[in-house]
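Participant: Okay, here's the structure, questions in a sec.
The values are calculated or read from the model by the stated rules, or taken from the named source; none is laboratory data. Note that the coordinates shown come from a computational prediction; the quantities given were computed from them, not determined experimentally. A quick note on method: Cβ atoms are made from the backbone with ideal geometry, for glycine too, and the neighbour counts reach across all protein chains shown.
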Amino acid sequence: MAWGDLSMFQSRKNEIIALASLTLIAFSANAAPEKLTPVLADVAILEHIGVKPLAVQTDTAVGFAKLTNEQRTKLEHAAHDFKKCGGYEALPDDATSAQSFAVTNAFGQLAKQEAKRRAFVPSAHLFRSMAVNPKIMTAIGQVSEANLKSTVEFMSGFEDRFNKGATPNKSVDALKLRIEGTVRGAKNPVTVEFISHKSTPQKSIRARIQGSTRASEIVVLGGHLDSINQDWMGPKLAPGADDNASGSSNLLEALRIVANQEQPERTIEFFWYAGEESGLLGSAEIAKDYKAANKDVVAVLQLDMTLFPGDGQFILGSMTDFTSAWLRSYFENLNDLYIKAKIVNDKCGYGCSDHASWDKQGYPALMPFEASMRTMNGNIHTAKDKIDSNSNFAHSAMFSKVAVALALDLGNSTQREP
Ligand code: BES
Ligand code: ZN
């Protein structure tokens, strides 16, 4: 959809919202005061929807606010006006004021990670030991565009993969079988498991390749398996081809290749997360559990949307918020050696995908993206997010190559964020 069409559609939508709220007010004049939802969100987006934050984390420009349902809906849809993710984090009900633990603790984490980003000084000598490894070159050459297309077709063929839908695990069960089929008979044993959640009935999936000499050190590669339709009109299907069958497919292809290399020194874990579209639900629980268990995650790669080359083929965006400055710098070196993409730095604005869940727990995260935010795919979250003439599997293949190179290089290295 062109942006012109979208804004027309947006203003029609606002009329409908206004009408609906008027009707609601008329019918609820004597009702009890509405329950407010405590959230953290980008200050600029809060101001854009006319909400003054109750407190602000100044280094990251993240605000705390308590929203009515109408304001929450506005926040969710502000994304398109802003060309930023409209994401917000819903806080637990006990986040009643700016002084409550949930708010001060979250602000503390944000400040700590931001301080780490600012303290990082890029320098060539940090990565001077990195050199082309012919085995990694051969491995990334095995990425198959046909396999990628086949998995995107498979996942986008479900009516939806919505965590609040009638059958939240229909596609998840099928995806697990597909993963198991892909790694059957591989050189390295791969453990494939469901992960159940408290916050959603949808399950996440984890596939693990055990490390040989430093198994407690974990390299995480992940992306979300769910999809959503936020279109007020139009059909209710949520094929989510770009968002995020594409990243899910990249991960499966990377797993196939990594599972057939020599056993890595570090443990490599692949995740397909549940309920991302409803607020990073699966990854938030997983990252929290890993932190509570004191697990040593040395890096987290997030793949979310890789099929739409908005800035041109082989130009990728790298998100600089909620990611590690060290890991981005490492990634630039890896790219110089193996991928040779053009990297454009950009910002999501607020925790727009599962990497933010890991960042919040203090783990180093990385999110390469299909393009810059300015040229993002306007069809996501609608029935139109299907494979079409804009879908570019050569472009998408680049992200499987990133995953393979990262797993094989960092998985056999002692390098880590200082
Ligand atoms: N894939 C999107 C995030 C995204 C969209 C990144 C456009 C870059 C450009 C993700 O699935 C998503 O929709 N995230 C939500 C936030 C989440 C906390 C509900 C969003 O951006 O609104
Ligand atoms: Zn999405």
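Participant: Name the strands (runs of 3 or more DSSP E) wholly within the stretch 187-230 that hold at least 1 residues that are surrounded by fewer than 16 Cβ atoms within 10 Å (Cβ to Cβ)?
Facilitator: Where strands (runs of 3 or more DSSP E) fall fully within the stretch 187-230 and carry at least 1 residues being surrounded by fewer than 16 Cβ atoms within 10 Å (Cβ to Cβ), they are 191-195, 214-224.
Participant: Only one residue in S391, S353, S318 is more than 16 Å from ligand 2 (Cβ to nearest atom), in contact (Cβ under 8 Å) with a residue 40 or more places away in the chain, assigned to a loop (DSSP other than H, G, I, E, B) and surrounded by 18 or more Cβ atoms within 10 Å (Cβ to Cβ). Which one?
Facilitator: Selected residue: S391, the only one of S391, S353, S318 that is more than 16 Å from ligand 2 (Cβ to nearest atom), in contact (Cβ under 8 Å) with a residue 40 or more places away in the chain, assigned to a loop (DSSP other than H, G, I, E, B) and surrounded by 18 or more Cβ atoms within 10 Å (Cβ to Cβ).
Participant: Tell me, yes or no, whether the stretch 110-122 has at least one residue that is at positive phi and in contact with a helix residue (DSSP H, G or I) (Cβ under 8 Å, 6 or more places away or on another chain).
Facilitator: The answer is no; no qualifying residue exists.
Participant: Let me ask something additional. Being surrounded by 18 or more Cβ atoms within 10 Å (Cβ to Cβ), closer than 24 Å to G279 by Cα and touching a Ser or Thr at 6+ places or on another chain (Cβ under 7 Å): is that true of F162 here?
Facilitator: yes
Participant: Could you list, in sequence order, the residues of the stretch 213-237 that are aliphatic (A, V, I, L, M) and within 16 Å of ligand 1 (Cβ to nearest atom)?
Facilitator: L225, I228
Participant: Consider the stretch 356-380. How many of its residues are assigned to a loop (DSSP other than H, G, I, E, B) and touching a Pro at 6+ places or on another chain (Cβ under 9 Å)?
Facilitator: Residues that pass the stated criteria total 2.
Participant: I've got another one for you. Residue check, A403 against (1) out of contact with any strand residue (DSSP E or B) (no Cβ under 6 Å at 6 or more places or on another chain); (2) in a helix (DSSP H, G or I), all met but one. Which one?
Facilitator: It fails just one condition, (1).
Participant: Being closer than 21 Å to S248 by Cβ and outside any strand (DSSP E or B) is the filter here; which residues of the stretch 286-312 pass it?
Facilitator: I286, A287, Y290, L303, D304, M305, T306, L307, F308, P309, G310
Participant: Inside the stretch 122-149, can you point out the residues that are more than 23 Å from N244 (Cβ to Cβ), of a type in the set (V, I, T) and surrounded by 15 or more Cβ atoms within 10 Å (Cβ to Cβ)?
Facilitator: Once the filter is applied, which keeps residues that are more than 23 Å from N244 (Cβ to Cβ), of a type in the set (V, I, T) and surrounded by 15 or more Cβ atoms within 10 Å (Cβ to Cβ), the stretch 122-149 yields only I136.
Participant: Moving on to the next point. Can S278 be described as within 11 Å of ligand 1 (Cβ to nearest atom) and at negative phi?
Facilitator: It is true that S278 is within 11 Å of ligand 1 (Cβ to nearest atom) and at negative phi.
Participant: Considering each residue of the stretch 231-265, count those that are within 15 Å of ligand 2 (Cβ to nearest atom) and not in a loop (DSSP other than H, G, I, E, B), and give that number.
Facilitator: 8
Participant: Give the residue, chosen from A284, A293, that is more than 15 Å from ligand 1 (Cβ to nearest atom) and either over 26 Å from A405 (Cβ atoms) or among the hydroxyl-bearing types (S, T, Y) (or both).
Facilitator: Being more than 15 Å from ligand 1 (Cβ to nearest atom) and either over 26 Å from A405 (Cβ atoms) or among the hydroxyl-bearing types (S, T, Y) (or both) holds for just one of A284, A293, which is A293.
Participant: Would you point out which residue out of A371, A365 is under 12 Å from the mean Cα position of the chain (by Cα), modelled with pLDDT of 95 or more and within 14 Å of ligand 1 (Cβ to nearest atom)?
Facilitator: Checking each option against the conditions leaves just A365.
Participant: Identify all residues within the stretch 38-72 that are farther than 20 Å from T96 by Cα and assigned to a helix (DSSP H, G or I); write none if there are none.
Facilitator: Correct list: A44, I45, E47, H48.
Participant: Still on this structure: Within 16 Å of ligand 1 (Cβ to nearest atom), assigned to a loop (DSSP other than H, G, I, E, B) and closer than 19 Å to L334 by Cα, is that true of A383?
Facilitator: no
Participant: In the stretch 130-183, how many residues are assigned to a helix (DSSP H, G or I), within 19 Å of I387 (Cα to Cα) and under 21 Å from the mean Cα position of the chain (by Cα)?
Facilitator: 10
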